[in-house]
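The values are calculated or read from the model by the stated rules, or taken from the named source; none is laboratory data. The model shown is predicted, which means the values in this text are computed figures rather than measured ones. Cβ coordinates were reconstructed from backbone atoms using ideal geometry, including for glycine residues, and neighbour counts include every protein chain displayed. Ligands, DNA and RNA are excluded from the accessible area calculation, which covers all protein heavy atoms including side chains. Shrake-Rupley method; radii C 1.70, N 1.55, O 1.52, S 1.80 Å.
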Amino acid sequence: MKFKAFFTQDGMNLLDKRFLPSLEKMGRFCHVYLTPDHAMFLQGVFPEGGDGPQCVAQFGRDLLFRDYRISSQSDNRIAFAAEVSLLHRALHSALTIHMQSHSDPNAAIQIKLVKKLPVGAQAPSPYLSFETKGPHAAVVQDVPISKPLSRADVLQLQSVLDSAQELPQTLVQVPDLSQLQSLVDRLKNVGDVLAVSITQYGDLHLKVSTSLVTVGSEFQKLRVLGTHVDPPAGYANLSASTRTQMAVQRGEALSVQVSMKHLAKSLQCNLAKPDCTFYGIAPEGACLTVIFQYFIPGTRLTDKAISFYCRVPVLDQGSG
């Protein structure tokens with residue numbers, strides 16, 4: 001099992017300033033999953049059975065790395081767990097040293113899998129090693145990682161990822177995540193369970209109910225990807241709750257309940273600074289899906305080298 005590569009400048013900046021800070025807020029640990037074509041950072045995906053959000057950040061190999069070399073008995077795929085803060089600290093430190101050597105054409109940051117014998121140990125342990133090569137010296141930082149997953153576990157991990165590829169029938173774009181985050185922060189003080197409804201008309205409805213009070217908010221006429229229909233006559237004159245119920249009964253909306261805590265955690269993905277954010281409910285109300293879209297810098301074209309999404313578990317199987 002072997003892996004080594006050199007970071008690209010764009011790759012270092014993306015991870016250091018956007019994605020690793022976001023993943024740190026989501027959870028303490030992540031799985032790093034390396035394939036011949038992609039590098040992925042996964043939280044809550046493996047092993048299955050966790051009750052928190054599933055978060056997947058996938059990058060095209062050439063966006064993050066150059067001189068990328070990988071080999072293993074698991075179809076040249078390698079996966080292992082690591083503490084996100086340690087990964088971020090090592091990369092940030094390496095980047096700081098690297099910037100001091102920016103005038104040196106040979107300066108580079110290499111990352112590779114190694115085994116080393118810890119002090120007092122009888123057997124070597126695996127590490128992800130960051131080596132910053134400067135004009136006069138090289139600085140090495142070793143991040144402890146788990147034992148890489150077995151071939152059977154890698155196959156299971158890939159199967160879990162493959163099963164999550166089905167997109168919701170309707171996705172609505174939330175134009176201002178900071179506004180949504182402020183709303184969720186306020187609703188957290190009311191209750192622990194949030195009802196989320198998404199219509200094919202482009203409406204996103206959030207509601208918290210207790211025995212004493214019901215509080216909700218609605219985003220209307222949002223941009224829609226996927227199935228989009230016009231609302232029925234008289235729809236705009238009804239209350240938000242009635243409109244949602246009608247849409248669900250007509251098969252033109254889905255509604256699920258999620259943990260307020262889980263939704264608030266998923267909003268930490270905003271630290272990765274997406275260009276667009278879409279919400280949708282998976283078929284049969286299986287989960288609330290949040291998809292973050294990135295543009296090629298200087299354009300409005302989707303950057304297909306970056307895929308970032310979060311699946312928030314539901315507290316029931318939804319309706320509709």
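A few notes on this one:
- Residue among Ser101, Ser72, Ser129, Ser93 that alone is crowded, with 16+ Cβ neighbours inside 10 Å, among the small types (Gly, Ala, Ser) and at pLDDT below 95: Ser101
- In segment 178-202, the residues that are among the aliphatic types (A, V, I, L, M) and either within 24 Å of the chain's Cα centre (by Cα) or within 20 Å of Leu271 (Cβ to Cβ) (or both): Leu180, Leu183, Val184, Leu187, Val193, Leu194, Ala195, Val196, Ile198
- Look at segment 5-25: where a residue is more than 15 Å from Ile306 (Cβ to Cβ) and a partner is among the acidic types (Asp, Glu), sitting 6+ places away or on another chain with Cβ atoms under 7 Å, you get Ala5/Asp67; Phe6/Asp67.
- Annotation note: Cβ proximity below 8 Å between a residue of segment 231-255 that is in contact (Cβ under 8 Å) with a residue 60 or more places away in the chain and a residue that is part of a loop (DSSP other than H, G, I, E, B) and of a type in the set (Gly, Ala, Ser) (sequence gap 6+ or interchain) occurs for Val248/Gly320; Gly251/Gly320; Ala253/Gly320; Leu254/Gly318; Leu254/Gly320; Ser255/Gly318; Ser255/Gly320.
- Considering segment 31-65, the residues that are among the small types (Gly, Ala, Ser) and at pLDDT below 95 include one that is most open to solvent (accessible area, probe 1.4 Å), namely Gly49.
- Counted residues, segment 269-319 - those being within 11 Å of the chain's Cα centre (by Cα), of a type in the set (S, T, N, Q) and buried (at least 20 other Cβ atoms within 10 Å of the Cβ): 1
- Strands (runs of 3 or more DSSP E) completely within segment 187-245 that count 3 or more residues being surrounded by 15 or more Cβ atoms within 10 Å (Cβ to Cβ) and among the hydrophobic types (A, V, I, L, M, F, W, C): 193-199, 204-209
- Only one of the numbered conditions (1) open to solvent by 20 Å² or more (accessible area, probe 1.4 Å); (2) in contact with a Gly (Cβ under 8 Å, 6 or more places away or on another chain) is violated by Lys112, and that is (2).
- Count of segment 145-158 residues, restricted to those that are open to solvent by less than 70 Å² (accessible area, probe 1.4 Å) and either at positive phi or of a type outside the set (A, V, I, L, M, F, W, C) (or both), is 5.
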